[in-house]
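Quick notes on the structure that follows.
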Amino acid sequence: MGGAGESAVRGSSSGGLFALLGKGVRRRPGVSVLTARGFTMVGVAIIGAGFAGICMAIRLRQGGIDDFTVYEKADELGGVWRDNTYPGAGCDIPSVLYSYSFAQRDDWSRVFPEQHEILRYLHDCAREFGIDGRIELGVEVRSAGWDEGTSAWHLETSRGPRTARALVSAVGQLNRPRYPDLPGLDSFAGTAFHSSRWRHDHDLTGRTVAVIGTGPSAVQLVPRIAERVRRLYVFQRSANWLVPKSDRAYGPTARRVFRIPAARLAARGATYLRGETAVYWAVHGDPGAKLVETMARRHLADQVAEPRLRERLTPDFPIGCKRILISSDFYPTLTRDHVELVTDLITEVLPTGPRTAVRDYAVDTLIHGTGFLATEFLRPMEITGRAGVRLHDVWRDGAAAHLGMTVPRFPNLFLLYGPGTNLGHNSIVYMIESQVAYVVRKLRGERVHEVTEAEFEADQRELRANLAGTALEANCTSWYKDANGRVTTNWPSHTYRYRLATWLA
Ligand code: NAP
């Protein structure tokens, strides 16, 4: 699992992009230069300072490539861990695995730490690996075009033009909120906000609140806000498969054990293998699916006594079709007297609150736990490759990239956490490290890296074949599917197979 580090420094630098940079442009290492055309020129422009962008920057530096800049449109690094500050926000992959292989910690407070602890980890990593000064905050990249003459990317940013030899998108899949497409939404007279744009200035104490959606975000925030509000309506469009969360605080003994690197590695390995077996199997049908489904049904039966509520919380699609939820306090919250699960569909939103075919719900706060525009990769940026071809035109029938990273006719463009690389069963950080190692190797080995149509097509055929027959393609609404109903977000196979593929490519 720690392989990303080794591969990051493999590959020859002779003839690579950075050999060229050394000759072609007067520069000091790590410092962007002003070119004759007045552009600020950097070797590698990284867009986004979340888990992927920070990892990319650290590994470039460790790989001897010091000429890079990270552009971050917000005023703080952190990606989703900066944006999602709702009560209860956290990761449902244990941090021993949801962390960089090269930056393991012995002081996590619990198995599943909350948002603030993960955000602090990212800040610590950026500082400890010396890349925090390389992040330009408050700079939004609006467009990027490949210039054949200079073999460089010309970027338009909110702070003016920039030029880079290579462009790495690290914007992720879950950075743009999706609001429900309900008539009258804008007419709501109370306070409305998205789970990832939490209004901390809006005290929920004593309020009547509606939460729309029952995905991973809602499942985390509903139990927390239920403690404060007067009345809570949880609007569920589809029930989800949900398994218990075996969270616990790490005591002094556990922390002492974690100081031993072998113990950390063992915990990390065990967590990794659990994801690669149980959850992976669930997506790939029986007997794994039956096993996890039985666990989920038992959890529901244990926590919800009332048969009618249990029935409404039982999904009608195969387990693994969308993300399996992990929570031990969501179901009990729904049984509280002041909390009501509403399964009638919202037909419109009135100034007073949601309306269903059955009744109107008067609320003063509306919280959208309705997810993200995950399949709209890289939007709203305009990316233009060779001969003016637009990435969004290429992706008209669904986003796709070779190993989720490269697209023909877009030289020296690398996508981290791109199409076909999301996971429902393991840590995305493992995937990101595989990608980052690949990018460093390509940048060190080739002046201009561009995947061929043949390589791209072969990769896509394999991806589609691996997806076929999995629960991911079953009949359910899920953010894994684009507007055409194609799964464009996920890697449907084992993660070590992905790592192997990136090593061999
Ligand atoms: P999500 O999984 O996309 O869930 C959105 C929810 O909103 C679903 O229940 C959906 O119902 C509902 N919804 C959407 N439009 C609606 C409408 N018009 N009317 C009624 N309901 C509507 O979003 P999310 O919960 O924010 O999670 C997104 C992803 O973020 C996760 O899958 C995960 O990858 C990540 N995440 C991870 C964690 C974690 O690690 N614990 C926590 C939060 C988020 P349907 O099911 O019917 O579509």
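The values are calculated or read from the model by the stated rules, or taken from the named source; none is laboratory data. As the structure is a computational prediction, the values presented were derived from the model and not from experiment. We place every Cβ from the backbone using ideal geometry, glycine too, and count neighbours over all the protein chains shown. Each accessible area value is taken on the protein alone, full model and side chains, heavy atoms only, with ligands, DNA and RNA left out. Shrake-Rupley method; radii C 1.70, N 1.55, O 1.52, S 1.80 Å.
Considering only protein heavy atoms and a probe of 1.4 Å, how much of the accessible area of the range 214-367 is carbon and sulfur, as a whole percent?
Heavy-atom surface of the range 214-367 belonging to carbon and sulfur, 1.4 Å probe: 54 percent.
With labels modelled as points extended 7 Å from the Cα through the Cβ direction, what inter-label distance (nm, one decimal) is found for Asp186 paired with Arg396?
Rounded to a tenth, the inter-label distance reads 2.9 nm.
With a 1.4 Å probe and every protein chain left in place, work out the accessible area per residue of the range 126-182 in Å², rounded to a whole number.
Averaged over the residues of the range 126-182, the accessible area is 41 Å².
So in the chain, what percent of DSSP beta bridges are antiparallel if you round to the nearest 5?
Bridges in the chain that DSSP calls antiparallel: roughly 40 percent.
Which peptide among 307-313, 291-297 comes first, and what is the full order, when sorted by highest mean count of other Cβ atoms within 10 Å?
291-297, 307-313
Of Ala468, His449, Pro419, which is farthest towards the positive pole of the range 374-496's charge dipole, taken about the Cα centre with +1 and -1 on the beta-carbons of Lys, Arg and Asp, Glu respectively?
Final value for the positive-end residue is His449.
Run the dipole for the chain about the Cα centre, Lys and Arg Cβ at +1, Asp and Glu Cβ at -1, nothing else charged, and hand back the magnitude in debye, nearest 20.
Dipole magnitude for the chain comes out near 1000 debye.
If you put +1 on each Lys and Arg Cβ and -1 on each Asp and Glu Cβ, how big is the dipole of the range 270-411 around its Cα centre, in Debye rounded to 20?
Charge dipole of the range 270-411: 480 debye, to the nearest 20.
Thr352 label point, 7 Å along Cα→Cβ, cut-off 20 Å on backbone N: hits in the range 197-223?
Flagged as within label range: 207-212.
Using 7 Å Cα-to-Cβ label points, what is the Ala468/Ala505 separation (nm, one decimal)?
2.1 nm
Return the whole-Å distance between the Cα centroid of the range 153-194 and the Cα centroid of the range 339-395.
A separation of 13 Å, based on Cα centres.
Measure off 7 Å from each Cα along the Cα-to-Cβ vector at Arg142 and Asp203, then give the distance between these two points in nanometres to one decimal.
So the label points at Arg142 and Asp203 sit 4.1 nm apart.
By Kyte-Doolittle mean hydropathy of at least 0.5 and Cα axial length of at least 15 Å, which whole DSSP H helices of the chain are selected?
Length and hydropathy pass: 51-62, 216-226, 428-445.
How big is the dipole moment of the range 202-328 about its Cα centre under a simple scheme where the beta carbon of each Lys and Arg is +1, that of each Asp and Glu is -1, and everything else is neutral? Debye, nearest 20, please.
500 debye
Please list Leu443, Leu273 from largest to smallest accessible area, probe radius 1.4 Å, with all protein chains kept in place.
Final ranking, largest accessible area leading: Leu273, Leu443.
Might you tell me the accessible area per residue for the range 252-394, computed with a 1.4 Å probe and given in Å²?
Spelled out: the 1.4 Å probe surface of the range 252-394, per residue, equals 50 Å².
Which GluC sites (Glu not before Pro) does the range 61-147 hold that lie in a coil by DSSP with at most 12 other beta carbons within 10 Å?
none
Dipole of the range 282-429 (Lys/Arg Cβ +1, Asp/Glu Cβ -1, origin at the Cα centre): which of Met295, Met405, Val283 lies farthest to the positive side?
The residue sitting farthest along the positive end of the dipole is Met405.
From Cα pairs below 8 angstrom and at least 6 apart in sequence, can you work out the relative contact order of the chain, rounded to a whole percent?
22 percent
Which order do the peptides 257-270, 492-505 come out in when sorted by mean C-beta neighbours inside 10 angstrom, highest first?
Those peptides, ordered most packed to least, come out 492-505, 257-270.
Considering the dipole of the chain built from charges on the beta carbon (Lys and Arg +1, Asp and Glu -1) around the Cα centre, which of Thr495, Trp198, Leu378 is farthest to its positive end?
Comparing the listed Cα positions along the dipole, Thr495 ranks first.
Counting only helical runs of four or more DSSP H residues, what would the 222 nm mean residue ellipticity of the chain come to if each run contributes -39,500 (n - 2.57) and the total is spread over all its residues?
It comes out at -9000 deg cm²/dmol, rounded to the nearest 500.
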